[in-house]
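Undergrad: Structure in structure tokens, see below.
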Amino acid sequence: MGKLIVGIVLVALVALVSMAFVVDEREVAIKLRLGEIVEAEYDPGVHFRIPLINSVIKFDRRIQTLDSRPQEFLTINKKFVVVDSFVKWRILQVEKFYRTTRGDMRRAAELLGERINTALRDEFAKRTIQEVISGERAEIMELLAKSASEDASDLGVEIIDVRVKKVDFPPKLSEAIYSRMRTERERAAKELRAQGAEAAERIRAEAERERTELLAEAYRDAEKIRGEGDAQSAEIYSTAFEQDAEFYAFWRSLSSYRTIFEQGGDVMLLNPESEFFRYLNQQSQ
């Protein structure tokens, strides 16, 4: 009898365990009966089901990240840009989520990605490249989150945030832009070098003109000083000559003798009666 009671208790426990399921606070769950939803939106805790008839599917209720591949979008000025974005989302209505995606998270990500790309395409088509890159990034993100959340409501999910990580140009367009930038920089550099060469030539010409003027002024001043010196020298000589003309003539003759005889030479052709031998003739007399 005791063994029978123990067996009954064990069977009851096994049945109870097979009927119970636990929903974590990080999860949402739905209960199916032969494939049809009979109950959803379970609170965290222990719940029960009928084995073999009911099945329970659980989903992560935490915020998910959808990191999309970079996509090309056309702006209002007909220029393509490559946009790299990501989305933060979570399951809001698990029953609707299951009906639209059959509980497949990858399918949910694909459907959500399509809606996000559509919203991005619509927003970028209204704006220029300058507005997309720097001018209205925050406004675009806010509008995208709002629009995407409305579009994704039929999936039973909530869009928490939409962010653009990077906006770039396609490789061919980027190369063309960089090439044009290099050309512009080279042109600017040539203009600066030409302006520098022109300024250098102007500075050299100005320096040469100032040099010529300074040399001319210095030469003029030197000639003026030299002329004044020669005038003073002549005046001094004239004054000295007037004081003793005979002595001055004698001293001049001695200087001439010294200059001539120091040059050397064996033959000199001079007229003995010339003025040059005036004082020598007087000495001999």
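The values are calculated or read from the model by the stated rules, or taken from the named source; none is laboratory data. Nothing here was measured: the structure is a model prediction, and the numbers come from that model. A quick note on method: Cβ atoms are made from the backbone with ideal geometry, for glycine too, and the neighbour counts reach across all protein chains shown. These accessible areas exclude ligands, DNA and RNA; they are computed on the full protein's heavy atoms, side chains included. Shrake-Rupley method; radii C 1.70, N 1.55, O 1.52, S 1.80 Å.
Undergrad: Looking for whichever is farther than 30 Å from residue 59 by Cβ and either open to solvent by less than 70 Å² (accessible area, probe 1.4 Å) or at pLDDT below 80 (or both) here; the options are 209, 137, 182. Which one fits?
TA: 137
Undergrad: Can you tell me how many residues in the range 41-59 are crowded, with 16+ Cβ neighbours inside 10 Å and farther than 10 Å from residue 31 by Cβ?
TA: Qualifying residue count, the range 41-59: 2.
Undergrad: Okay, moving on. Counting just the residues of the range 75-103 that are in a strand (DSSP E or B) and open to solvent by 60 Å² or more (accessible area, probe 1.4 Å), which one comes out farthest from residue 127 (Cα to Cα)?
TA: 90
Undergrad: Moving to a separate point now. For the range 155-169, check the following and say yes or no: at least one residue is at pLDDT 75 or above, more than 19 Å from residue 85 (Cβ to Cβ) and either open to solvent by 50 Å² or more (accessible area, probe 1.4 Å) or assigned to a helix (DSSP H, G or I) (or both).
TA: Scanning the range 155-169 turns up no residue that is at pLDDT 75 or above, more than 19 Å from residue 85 (Cβ to Cβ) and either open to solvent by 50 Å² or more (accessible area, probe 1.4 Å) or assigned to a helix (DSSP H, G or I) (or both).
Undergrad: Which one of 45, 113, 103 is touching a residue at least 12 places away in the same chain (Cβ under 8 Å) and farther than 25 Å from residue 161 by Cα?
TA: None of the others qualify; the one that does is 45.
Undergrad: Here are the criteria: (1) in a helix (DSSP H, G or I); (2) modelled with pLDDT under 85. Tell me which single one residue 69 does not satisfy.
TA: The number of the failed condition is (1).
Undergrad: Let me ask another. When you scan the range 213-225, do you find a residue that is among the charged types (D, E, K, R) and surrounded by fewer than 10 Cβ atoms within 10 Å (Cβ to Cβ), even just one?
TA: No, the range 213-225 contains no residue that is among the charged types (D, E, K, R) and surrounded by fewer than 10 Cβ atoms within 10 Å (Cβ to Cβ).
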